[in-house]
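Some notes on the structure that comes next.
Here, each number is a calculation from the coordinates, and none is a lab measurement. Quantities reported herein were computed from a predicted structural model and do not represent experimental measurements. Methodologically, a virtual Cβ is constructed for each residue, glycine included, from the backbone with ideal geometry; neighbour enumeration extends over all protein chains shown.
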Amino acid sequence: MLTEIDPEDGDTAFGLCDLGMGEPEIGSVSLTEITSHPILPVYKDLNFRTIKTLSELAAEARAARQITV
């Protein structure tokens, strides 16, 4: 779940990431790197809405060992 993209380079994104190893974390990631792996789905959900903060979602994801939104 990426929340923003660095406007200066257009490739560095920030948000809640999960590589499927049971350790979701908040941080930065390269869009080029994640889109080069066909196993990791990347799409823009224009209808996504949440009432929780990114930190709250991250805490839930860590407890569940995966992003469950």
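For the reader, a short list of remarks on this structure follows.
- Exclusive hit being surrounded by 10 or more Cβ atoms within 10 Å (Cβ to Cβ), in contact with a strand residue (DSSP E or B) (Cβ under 7 Å, 6 or more places away or on another chain) and among the polar types (S, T, N, Q), set T68, T32, T12: T12
- Candidate set: the range 1-32, residues that are in a strand (DSSP E or B) and in contact (Cβ under 8 Å) with a residue 24 or more places away in the chain; chosen: the one farthest from E60 (Cα to Cα): I5
- Number of positions in the range 29-48 that are among the charged types (D, E, K, R) and within 12 Å of M1 (Cα to Cα): 2
- Taken over the range 1-52, the criterion of being among the polar types (S, T, N, Q) and over 18 Å from Q66 (Cα atoms) is satisfied by T12, S30, T32, T35, S36, N47.
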